[in-house]
Amino acid sequence: MDKTIVAHLEYLLCIKVLTIKTLSGGDISKAYLLETATEQFFCKINHTADALKIFQAEKDGLDAISLTKTIATPKTFFCEALEKGALLVMEYITPKKPDYKDMDLFGHQLAALHQAATMQRFGWEGPNFIGNLPQSNTKNTNWSAFYVFERLLPQLRRAVNHKFLSAKELPTEVQLSKCCNSFMSAVEPSLIHGDLWSGNYLIAQNGTPYLIDPAVYYGHHEVDLAMTRLFGGFDTSFYNAYQEHFPHTGGADARNDLYQLYYLLVHLNLFGTSYRHAVVSILKKYFS
């Protein structure tokens, strides 16, 4: 870490930083553990042009989840611009490997989040990010329309623009709308994490689940569940606990595929053609 940034962090924290450890796991930003004589802090640094917007959106999402008082998030201390990029400083949570009791609690608390904060419309107060890609959140009272025009179409068009998909593989707006309407009726808006894979939660040493790196908006609660299943899934105790509050309903398997399509498109656009096959398989299954 640059010495001028260290000096700035010490100024912000009003304490001497004794050690700085690089942490793994960040695809978009560099992550560090800052250790002082009495405390530990988590620091993210991003040098891209959108860094401050990305970190401010992350802070706003964490704060929104925290306000529901349903599931823990790390406290955020500073979100500031740098000469090039920005930094975000928050509470450091020492993680442990979760056991089935921890995941059971996580399932109950995620369901509580989805039940606690409801709105009349889907979306968010403004755009935010999924990874470092922009995520539009124009409000809509119709979930399937929101999902088609705010989620699927922007990523499909981005994939075509980057030649990850051909124009012939792009479903029409009519095809997308007809399919999503058939599976996504009678959905109520819930505050969702928005990017809930295994790297975006922590279990603290005392067993408390924490959500991190959100891409929040008001959407269908099943979106979070679909993302948890995309890369291997969580422990069965998590799903059993969650389903005590939200039992399976008709069309859940199809919605799972369609919700995973968004995340696969995001990964295709962020990381390239290794995700193309999974995207094309879903497109052929539902839109051919």
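The values are calculated or read from the model by the stated rules, or taken from the named source; none is laboratory data. Nothing here was measured: the structure is a model prediction, and the numbers come from that model. Reconstructed Cβ throughout: ideal geometry from the backbone, glycine too, with neighbour counts over all protein chains shown. When the accessible area is computed, the model is the full protein with side chains, heavy atoms only, and any ligands, DNA or RNA have been set aside. Shrake-Rupley method; radii C 1.70, N 1.55, O 1.52, S 1.80 Å.
Numerical summary
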{"item": "Residue selected from the stretch 1-32 under the condition touching a strand residue (DSSP E or B) at 6+ places or on another chain (Cβ under 6 Å) and under 13 Å from Leu87 (Cα atoms), by the criterion most open to solvent (accessible area, probe 1.4 Å)", "result": "Lys30"}
{"item": "Wholly within the stretch 200-244, strands (runs of 3 or more DSSP E) carrying at least 2 residues that are within 18 Å of Arg255 (Cβ to Cβ)", "result": "217-219"}
{"item": "Residue, farthest from the chain's Cα centre (by Cα), within the stretch 33-66, restricted to residues that are of a type in the set (A, V, I, L, M) and crowded, with 21+ Cβ neighbours inside 10 Å", "result": "Leu34"}
{"item": "Residues being among the acidic types (Asp, Glu) and touching a Ser or Thr at 6+ places or on another chain (Cβ under 6 Å) - total across the stretch 228-259", "result": "0"}
{"item": "The stretch 158-208, residues that are open to solvent by 50 Å² or more (accessible area, probe 1.4 Å) and acidic (Asp, Glu)", "result": "Glu169, Glu173, Glu188"}
{"item": "In the stretch 89-130, the residues that are at pLDDT 95 or above, among the polar types (S, T, N, Q) and part of a loop (DSSP other than H, G, I, E, B)", "result": "Thr94"}
{"item": "Matching residues in the stretch 279-288 - criterion: being at pLDDT 95 or above and open to solvent by 60 Å² or more (accessible area, probe 1.4 Å)", "result": "Lys284, Lys285"}
{"item": "First in the stretch 165-183 and in contact (Cβ under 8 Å) with a residue 40 or more places away in the chain, second anywhere and open to solvent by 70 Å² or more (accessible area, probe 1.4 Å) and assigned to a helix (DSSP H, G or I), Cβ under 8 Å, 6 or more apart", "result": "Leu165/Arg276"}
{"item": "Residue identified as modelled with pLDDT of 95 or more, at negative phi and exposed (fewer than 15 other Cβ atoms within 10 Å of the Cβ) among Glu222, Glu244", "result": "Glu244"}
{"item": "Matching residues, the stretch 34-44, being of a type outside the set (Lys, Arg) and touching a Ser or Thr at 6+ places or on another chain (Cβ under 6 Å)", "result": "Glu35"}
{"item": "Candidate set: the stretch 67-124, residues that are open to solvent by 20 Å² or more (accessible area, probe 1.4 Å) and of a type in the set (Phe, Trp, Tyr); chosen: the one nearest to Trp143 (Cα to Cα)", "result": "Trp124"}
{"item": "The stretch 255-278, subset hydrophobic (A, V, I, L, M, F, W, C) and open to solvent by 10 Å² or more (accessible area, probe 1.4 Å), residue nearest to Gly194 (Cα to Cα)", "result": "Leu264"}
{"item": "Output for the stretch 101-160, where each listed residue is in contact with a Pro (Cβ under 7 Å, 6 or more places away or on another chain) and of a type in the set (Gly, Ala, Ser)", "result": "Ser136"}
{"item": "Some residue of the stretch 227-234 being among the basic types (Lys, Arg), at negative phi and open to solvent by 30 Å² or more (accessible area, probe 1.4 Å)", "result": "yes"}
